[in-house]
Every structure is written in structure tokens, then in C-alpha cells.
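The values are calculated or read from the model by the stated rules, or taken from the named source; none is laboratory data. Keep in mind that this is a model prediction, so the values were computed, not measured. Surface accessibility is based on the protein's heavy atoms, side chains included, excluding ligands, DNA and RNA. Shrake-Rupley method; radii C 1.70, N 1.55, O 1.52, S 1.80 Å.
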Amino acid sequence: MEAKSVAKNYRFMAIMIGAMVLGAIVGWFWPAFGNSISFLGTVFINMMFCIVVPLVVASIAGAVANMESRKRAGKIMGVTVATFVITGAIAAVIMFLLVKVFPPVLTAWTELPSEEMGEYATLTEMIVNFFTAEDFVGLLTRRAMLPLIVFSLLFGFAVNLNGGKDTMVGKFLEDLTNVMLKFVKIVTYYAPIAFFAIFADLVATYGSQVVENYGRALLLYYPLCFIYIFTAWPLFAWFGGGKGAVKTMFQHITRPAVVSLGTCSSVATIPTNMEVAAETGISKDVSDMVLPLGATMHMDGSCFSCVLKIAFVLGVFGQDLSFSKLIPVVLVAVLSSVGMSGVPGGGYIGEYIICSIFFPEQIEVAFPILVAIGNLVDPPATMINSAGDYVVSYIVSRFVDGKDWLQKALAAKQ
């Protein structure tokens with residue numbers, strides 16, 4: 001991969017991080033000025049709030065509505081989705097236990113009152129509120145992100161059953177998705193200015209805690225990703241392929257890992273994943289379904305970061321990450337992955353889901369903190385997400401083609 005291509009793919013991220021660093025410096029040395037420009041960040045946050053609802057409806061409903069082959073949503077689809085959910089849940093639990101032992105934030109930044117999830121609700125009420133809203137108008141708010149995703153999925157299936165992409169509604173959803181993505185792109189050009197102001201205000205208000213806590217979060221995240229590669233991936237490969245699978249996996253995994261780091265995009269890694277899957281001997285119908293789906297649904301790295309974000313902001317508000325939150329945190333980590341985009345920078349949907357569930361009353365403070373963590377951990381997260389799609393194809397192959405599929409493929413090459 002050419003150095004110019006890598007630089008191009010990371011250019012905007014570098015600008016964003018540079019803006020955050022510069023804002024932190026300004027807030028440290030000129031705190032009064034840092035506080036005075038906080039409105040520049042609020043403008044960006046409010047614009048994103050206005051975009052998120054139509055973006056979620058159009059992108060998720062459109063993707064489901066335009067699926068071409070319902071008949072193929074059988075064994076391969078079922079095993080694939082189940083594997084994505086299970087590996088994502090495993091990743092979320094691992095990070096949950098890690099942040100319990102090594103909290104990213106040791107001292108609260110603020111004494112603002114915050115709402116405990118489910119504090120005044122029974123379990124059944126929490127489930128109802130988790131997946132549904134009282135009426136349609138209730139869906140049209142940033143505070144109902146998971147119910148909105150559920151509605152969008154069901155609406156997409158209804159459109160698909162009614163004719164899919166050839167219907168007027170299907171075409172409208174596809175066109176609206178493209179329009180909203182362009183809308184996000186336009187607003188994102190303003191993001192460096194916004195995050196300069198946000199971090200100037202954060203550091204001016206909370207001082208060295210900001211830098212210290214972000215550094216602590218990165219020291220948790222980066223080593224965990226590489227440990228995961230050399231522990232979980234070999235286990236997944238062995239479970240899926242049996243004898244010789246670990247060696248074969250490591251012989252091929254480098255290429256998609258490098259491409260994902262270079263492009264910072266799960267979608268851009270699909271062709272390379274397809275190549276190494278074919279070289280491994282994975283059935284074409286398996287790779288054709290697993291790898292494209294994985295680009296938007298298989299997000300172990302994002303599950304890591306989601307739990308880290310929740311733990312981080314809970315620490316910021318002085319709340320405890322108790323084991324009573326384990327199931328809601330893991331559930332949000334796994335479900336929010338469905339709404340995350342496969343393009344560089346994502347769509348900030350995961351951050352909205354986290355805010356709407358855990359920090360509905362502090363969303364203006366929590367959102368920029370979450371986005372900043374997302375930017376800082378994006379490269380290794382993308383590598384875990386994208387290269388991990390190839391590893392998951394081993395597991396799916398086991399259930400579709402039998403336990404000895406890899407041995408047969410290796411024997412056929414000899």
C-alpha cells in the first residue's frame with residue numbers, strides 16, 4: 001500500500017486529533033478564552049442531532065429493504081449473525097471486566113446529577129422502553145435511538161416484502177441515505193473547528209484530568225486489541241477449522257489487517273478479505289455473505305470501544321460501573337454495532353445510542369467525549385472489525401460445510 005494512500009485515508013483523522021490537541025493547549029494556557037468559544041462546539045453537536053434521526057431511518061431501513069435474496073437468508077445468514085452477536089458479546093464482556101479492574105477515569109470531572117439507567121423502572125418497563133416508543137412522534141428524537149433502530153429494521157423488512165428496491169419507497173430510502181451521507185459529509189467539514197472549541201472548553205474547565213484520563217483509556221485499549229488478535233482469533237480459527245486452522249489463519253490475516261489499518265475502513269477491506277478467503281478454501285457462498293455483512297455488522301473492536309466509552313463517561317460523572325450494568329452495557333455494545341457505518345469516521349450513530357440510553361440528561365457533555373475516544377481508537381478498532389471478518393468465516397464454514405472443511409480444502413491444493 002502506497003504511503004500517499006495511507007496518508008490520504010488518515011488525513012482527516014489527523015486534522016481532527018490535531019484540532020483536539022491544539023484546543024487542549026489553548027484551554028490550558030488561556031482558560032477564559034477556552035470557555036468563551038464553547039458555543040462553536042455546541043453548533044456542531046446541534047447540527048448532528050438534527051441529522052441523526054433521518055440518517056438512521058434511511059440507512060438501516062434502506063439496507064434491509066434493498067436486500068436482493070430473502071431465500072438465501074437461511075443457514076449461512078443465521079450462523080453468520082449469531083456468530084457476530086456472540087463474538088461481539090465476548091469482546092464487550094472482556095472490556096467490561098478490564099475497565100472494572102482498571103477504570104479509565106479515577107476522579108469525576110463534574111458533580112452534575114446524572115440519571116441511573118433503570119433506577120425507577122422495573123425490568124419489564126426497561127425492556128419496553130429499550131425497544132419501543134409510546135408512539136411515532138416519540139421515535140423522532142435522539143433520546144429514542146434503539147427503538148428507532150428497531151422500527152427502521154421492521155420498516156425495511158416490510159418494504160422488502162412489498163417489492164424491495166424496485167418499489168418507490170425502496171428507491172426513496174436508497175436516495176435519502178445517499179443524501180443524508182452527503183449531509184453528514186458537509187457538516188463534518190466543520191468538525192475540526194468544533195472539536196478545537198470543545199477541547200479548549202473541556203481542558204479550561206477540568207484541567208489535566210482530561211489529558212490524563214484519555215491517556216489512561218488508550219493504554220487500556222491498544223494493548224487489549226493486540227492481545228485479542230493473538231488469543232481470541234486463534235481460538236476462533238481453531239474452533240472453526242480444527243487442525244491446521246491457526247497456522248493457516250496467521251498465514252493470511254496480515255493482508256486484511258494491513259489494508260484495514262491503511263484505509264481505516266471495513267468496507268474497503270472486503271476485496272482483500274475475499275481474496276484470502278478464496279485462497280484459504282472457504283466456500284464462495286459463505287464468503288459472499290459473511291464478508292459484506294461483517295463490514296457493517298461484525299464489530300468486536302467497536303464493542304471494545306463502546307464499553308470503554310460507557311465506562312469513561314460514567315467515571316466523568318462520578319458513577320460506578322457496577323455488575324448490575326453488565327447486561328445493559330453488553331446489549332448496547334452489541335446492538336449499537338448494527339448501526340455503525342463501514343466508512344472511515346463512522347456516522348456517530350454508536351455515540352448517540354450510548355448517550356440516549358446511559359446519559360440522556362447529559363448528552364451535550366457526553367457526546368463530544370465519546371466521539372473523541374472513537375477517533376483515538378479508530379485504527380485498531382477497524383483492524384479488529386475488518387480482519388476479524390475473515391476469522392469469523394472459519395466458524396461459519398464449520399457449521400455450513402462440516403468440521404473438516406479446511407482439511408479438505410488443504411488436501412485439494414496438494
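Taking every protein chain into account, the accessible area of region 219-311 amounts to 37 square angstrom per residue (probe 1.4 Å).
Taking amide H atoms as placed 1.01 Å from N in the peptide plane, the amide H of Gln362 has no partner under 5 Å among residues 5 or more positions away or on other chains.
Backbone phi angles across region 166-179, fed through the Karplus curve with coefficients 6.51, -1.76 and 1.60 (θ = phi - 60°), yield HN-Hα couplings of 7, 7, 4, 5, x, 5, 4, 5, 5, 5, 5, 4, 4, 5 Hz in residue order; Gly and Pro are listed as x. Exposure check, 1.4 Å probe, all protein chains in place: Thr205 carries approximately 70 Å² of accessible surface.
Taking all protein chains as they are arranged and a probe of 1.4 Å, the heavy atoms of Lys165 leave approximately 90 Å² accessible to solvent.
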